[in-house]
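Student: I have a structure here, written as structure tokens, and I will follow up with some questions on it.
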Amino acid sequence: MVGVAIEPPRPNPTGGTSTVRFRLDEAQTVTVALYDAVGRRVRTLLDETVAGETWQTLTVDGSDLPVGTYVVRVSGPRATGVVRLSVVR
């Protein structure tokens, strides 16, 4: 299993935009998606091949989301990782 490192979202909690950084041990196609508290996919943040050993930075716009806890999930054929993101007003 190839590893994935994910930094906590910044800022967290957020009422607007937040950034999430992740790095894979090796290149692969990944999907990064935002899920709500009951596991529904809210939006896809990235769906493409990502280089290995390079930090990727994604912006999550929570300004139009209901208040609550969300999960950012990075998933690929050989790597999976999650971090929590709280949206507040």
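Please treat every number below as a calculation from the coordinates, not as lab data. Small disclaimer: the values here were computed from a predicted structure and weren't measured. When we count neighbours, we look across all protein chains shown, and the Cβ atoms used for this are built from the backbone with ideal geometry, even at glycine.
Student: What's the total number of residues in the range 53-67 that are touching a strand residue (DSSP E or B) at 6+ places or on another chain (Cβ under 6 Å) and either in contact (Cβ under 8 Å) with a residue 40 or more places away in the chain or in a strand (DSSP E or B) (or both)?
Tutor: 7
Student: Of the residues Arg10, Arg21, which is under 16 Å from Val87 (Cβ atoms), surrounded by fewer than 16 Cβ atoms within 10 Å (Cβ to Cβ) and among the charged types (D, E, K, R)?
Tutor: Criteria check complete, one pass: Arg10.
Student: Shifting gears a bit: In the range 14-50, what residues are touching an Asp or Glu at 6+ places or on another chain (Cβ under 9 Å) and not in a strand (DSSP E or B)?
Tutor: Gly16, Asp25, Glu26, Ala27
Student: Here's a follow-up. Every residue in the range 1-29 that is of a type in the set (A, V, I, L, M) and in contact (Cβ under 8 Å) with a residue 40 or more places away in the chain, please.
Tutor: At the first step, the residues of the range 1-29 found to be of a type in the set (A, V, I, L, M) are 1-2, 4-6, 20, 24, 27.
Passing the criteria: Met1, Val2, Val4, Ala5, Ile6, Val20, Leu24.
Student: What about Val38, is it in contact with a Phe, Trp or Tyr (Cβ under 9 Å, 6 or more places away or on another chain) and of a type outside the set (Ser, Thr, Tyr)?
Tutor: Judged against the criteria, Val38 is not a match.
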